[in-house]
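Since every read-out is calculated from the coordinates, none of them should be taken as a lab result. Treat the numbers as computed from the prediction; the structure is a model and nothing was measured.
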């Protein structure tokens, strides 16, 4: 069943656009980090890019059969610099989603009783909190000229949950089994 309310549909399109751009931006910034000698930061960018794909996929699916074009307004950081600067762009983008975008989109979906959109926005919001923290940890190390110490990164393809080290048996956000997780090692 497709989303019923125009406002929630617009928010899903906007979130889809933002997550799609974040996915590509993180792949590009990851390549740059690798060239600067930050192999683990590159891997972090690649893993989180996959998480952003999961969010975009959820938003796209919730639109269901709603067809037609749309101008998508999505906040995005453009440009590329040194890895430390790209990490700041990632932090800023994640914090925008955590503090501004997803809380508003989530409340609108709740108000309009759009359960699927509510779930998609909630999943993304919780994962973005983790992303901001991980990007900050990476930036702290890069500022000191060091690559971050990073174990295996596991991403839940259902909700985008991002963890480091040993994967939990069940996703703490959506309860998917760990055998579904994609591992970036």
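With a cut-off of 8 Å between alpha carbons and a minimum separation of six or more residues, what is the relative contact order of segment 6-148 in percent?
Once divided by the residue count of segment 6-148, the mean separation gives 30 percent.
Take the alpha-carbon centre of segment 145-185, take the same for segment 105-138, and report the distance between them in whole Å.
17 Å
Return the calculated 222 nm mean residue ellipticity for the chain, to the nearest 500 deg cm²/dmol, obtained by summing -39500 (n - 2.57) across DSSP H runs with n ≥ 4 and dividing by the residue count.
Rounded to the nearest 500, it is -20500 deg cm²/dmol.
If contacts are Cα pairs under 8 angstrom and at least 6 residues apart, what is the relative contact order of segment 1-74 in percent?
Relative contact order for segment 1-74 comes out at 50 percent.
Could you work out the percent of alpha carbon pairs in segment 6-148 separated by over 21 Å, rounded to a whole number?
The share of Cα pairs beyond 21 Å in segment 6-148 comes to 41 percent.
If you stretched the chain out fully between residue 177 and residue 88, how much longer would it get, using 0.36 nm times the residue separation minus the C-alpha to C-alpha distance?
So the extension gain works out to 28.8 nm.
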